[in-house]
Structure formats: structure tokens, C-alpha cells
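Presented below is the structure to which this report refers.
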Amino acid sequence: MSEREVLEELGFTPAEASIYLALLETGSTLTGPIIKKTNLHRGTVYQILQRLEEKGLVSSVIKGKKQYFEAAPPEQLLELLRSKEDMLEGIMPELKAKSDSSREKQRVTVYTGTKGIRTVMDRILEELSPGGTYYDFGVSGLFREVMGPYWDLWQRKKRKAKIKSKVIFTEEMRKSVLVKEYVGEARFHPKEFQSVTDTVVYNDTVVLFIWTAKPPVAIVIENKDNAKSYKNQFLFMWKYAKK
């Protein structure tokens, strides 16, 4: 990599690099030799010299009413680089926080199969214990049908952890064994609003269970605003669901 390319990597424009290198070669000089060496317009040379002075890379002095310019020692470039590193380190915590926040907002994880579903369900219990609350709608009874005895185990664990829940079932399930053994508050909506997607909302997380998929799928979306939106949707449905 040439000297000019290295300077440009450090943030110099091509014209700034040309003028700085010309000054290193000529030493203290008037603008004439700089213009001749760089083939740049006089006005452009003056503007760039001023910018380089502001960066501490060029100095000037008046001799006999004429202004002479001189490049700062190359070691000053290392000082400039260190200064930029210090500035970057100073804002690194804020940059990291923004990055972490961005990753959190976009975090979506897909689990498949009954083992994957169990991982999600166990995680819900863990993140809500003790005494947390989840909201669930689109419940058709397929959870128990697909997961078998694990559904009963999950209800017992939920009761032991004192986790609260509000679930909206379809009306046809009102007298089912599943509803009788379910732990938490229950309401019901008409069969025509039945959904194959079971939606669970808790904390800042939404989980979409697609029980009819082969194998079943759970999509976990971690996003505060999204969770708030789904919870509002649930509360609206809960208000008009029948006890």
C-alpha cells in the first residue's frame, strides 16, 4: 500500500494526502510550489491547507508579509490516530447498547418438534416464576393432543410456581376435561373465531404455536413493542369473551 493510500485509509481526502506529502518533501514553503507539485487549483490548495491546520497537521508563519506553510512531523499522524481511538472508546458503551438493543428487537427463534416445544414451554415457566402472568388466545385443545402427558405436567408445574394465566378457549371446549384441569382464568369465544395458531404473550415475548404443522412449530418473538401490541389485542378479546 502506497503512502497516499495509507493516508486515505486514515481519513485524508486524496487532495489532502497530496498536499501533506508535498509539504513533507518541500519543507517550509509558499503555496506556489505546492500548487506546482499537486496540480491543484490555488483556491483548493488554500482551503485544504486551512483544514489541515485545523487538524494540527500543518502550521504556517508569516515571513516578510508572505505566508509559509510546513507539514507537522509524521509522528503527529500517530497522535491523530490515538485521538480517534480515544473518541471511539468514549462512545463504545453507547454504540454497544444500541447494537444490543437492535439485536434484541429483531430476535426471532423457531423451534420444531415436541422436544423443541417442551424447551419453549419450560422456558415460559422459568421466565415467569414465581407469580408471573401469561395471556393465551387461539386455544383449541391441540396443545394437549400433540404433547400428551406433558400438558398435565406443565399445569402442575404452573400451579406450583404460582404462575397466573388468562386463556381464551373456543366455546365448544367449555365442558371439556382439558378446561376443567386447566389452571388459571378462562373465558370463551364462538367457534367461528377458532384458530390453529395458539398465541401466548408474556413479559416482552410472544410465542406462536402452530400445532397442525408436521412437526409442530413454535415461533418465539422477543420484542417489547410487539408483545405490547399482542397483549392489547388479547385484552380486547378478553373483554368481550364470555365467562
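As a quick test, which of the pairs 162/239; 36/66; 158/224; 98/164 have an alpha carbon distance above 28 angstrom in this structure? Violating the 28 Å limit, Cα to Cα: 98/164.
With an 8 Å cut-off on Cα pairs and a minimum separation of 6 or more residues, tell me the relative contact order of the chain in percent.
Working: 336 pairs, mean separation 38.9, N = 243.
After rounding, I find 16 percent.
Estimated at 0.36 nm per residue, the fully extended path between residue 125 and residue 225 surpasses their Cα-Cα distance by 33.8 nm.
Of all aspartates and glutamates in the structure, the ones whose alpha carbon falls short of 19 Å from that of residue 228, not counting any fewer than 8 places away in one chain, are 104, 127, 136, 198, 204. Within the same chain, aspartates and glutamates fewer than 8 places from residue 63 are excluded, and of the rest, those with a Cα less than 18 Å from its Cα are 53.
Report the charge-dipole magnitude of the chain in Debye, nearest 20, computed about the Cα centre from +1 at each Lys and Arg Cβ and -1 at each Asp and Glu Cβ. Could the numbers behind the result be given before it?
On the way: 40 positive and 32 negative charges, 329 e Å.
Here the chain has a charge dipole of around 1580 debye.
The overall shape of the stretch 105-240 is rounded: from the C-alpha gyration tensor, with semi-axes ordered a ≥ b ≥ c, the ratio a/c is less than 1.5. Of the labelled figures (i) 77, 42, 29; (ii) 104, 33, 30; (iii) 52, 44, 36, only one reflects Cα extents along the principal axes in Å as derived from the coordinates, namely (ii).
Relative to the longest principal Cα axis of the chain, at what angle does helix 149-160 sit, 0 to 90 degrees, rounded to 10? For 149-160 against the chain, the angle is about 80 degrees. Using R0 = 41 Å, the C-beta based FRET efficiency linking residue 94 and residue 214 works out to 0.30.
Which order do the peptides 37-45, 179-187 come out in when sorted by mean C-beta neighbours inside 10 angstrom, highest first? List each step's numbers first, then the result.
Details: 37-45: 13.8, 179-187: 15.4.
Order by mean packing, descending: 179-187, 37-45.
Laboratory data are not the source of any read-out in this text; all were calculated from the coordinates shown. None of the values given here were measured: they were computed from a predicted structure. Here Cβ is always computed from backbone atoms with ideal geometry, including for glycine, and neighbour counts include all displayed protein chains.
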